[in-house]
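Single-structure report; data block below.
The values are calculated or read from the model by the stated rules, or taken from the named source; none is laboratory data. None of the values given here were measured: they were computed from a predicted structure. Please note: Cβ atoms are built from the backbone with ideal geometry, for glycine as well, and neighbour counts cover all protein chains shown.
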Amino acid sequence: MPEKQYGVGAIGEREVIGAFRAIGMRAAAAQTEAEVAQAVHQLLQEGVRVIFITEQAARKGWETFERYKNDPTVTLIPVPGSTGSDGLGMERVRANVEKAIGANILLDDEQ
């Protein structure tokens with residue numbers, strides 16, 4: 001029996017998702033909390049399990065973003081959007097590294 005394949009998708013501002021579509025990802029535009037929730041739900045229904053979400057969309061749909069944070073069946077990865085990075089992606093990397101090894105080994109700009 002063939003192994004089930006899962007897709008990769010993206011959620012974010014309209015001006016950003018075109019790039020993701022160009023490389024074959026499923027993508028959904030989302031500007032509000034409701035649109036982010038709907039886009040995540042739709043992509044999950046389509047079998048997408050890795051979702052790149054712009055930092056701006058993640059912050060607008062924070063409740064949805066947090067809901068899936070510990071779900072082992074889906075990964076939401078914050079990436080910079082059309083306005084650049086606001087630090088959310090790196091903040092999540094630091095938190096995951098600290099959670100995995102018990103200490104923040106990444107160099108902080110503040111230190």
Please identify the pairs in which a residue from the stretch 63-78 that is over 13 Å from H41 (Cβ atoms) has its Cβ atom under 9 Å from the Cβ atom of a residue that is part of a helix (DSSP H, G or I) and of a type in the set (F, W, Y), counting only partners at least 6 apart or on another chain.
-> P78/F65
Is one or more of the residues making up the stretch 25-40 within 10 Å of the chain's Cα centre (by Cα) and either part of a helix (DSSP H, G or I) or at pLDDT below 95 (or both)?
-> yes
Residue that is farthest from T75 (Cα to Cα), among those in the stretch 5-28 that are crowded, with 17+ Cβ neighbours inside 10 Å and free of Cβ contacts under 8 Å to residues at least 24 places away in the same chain | I17
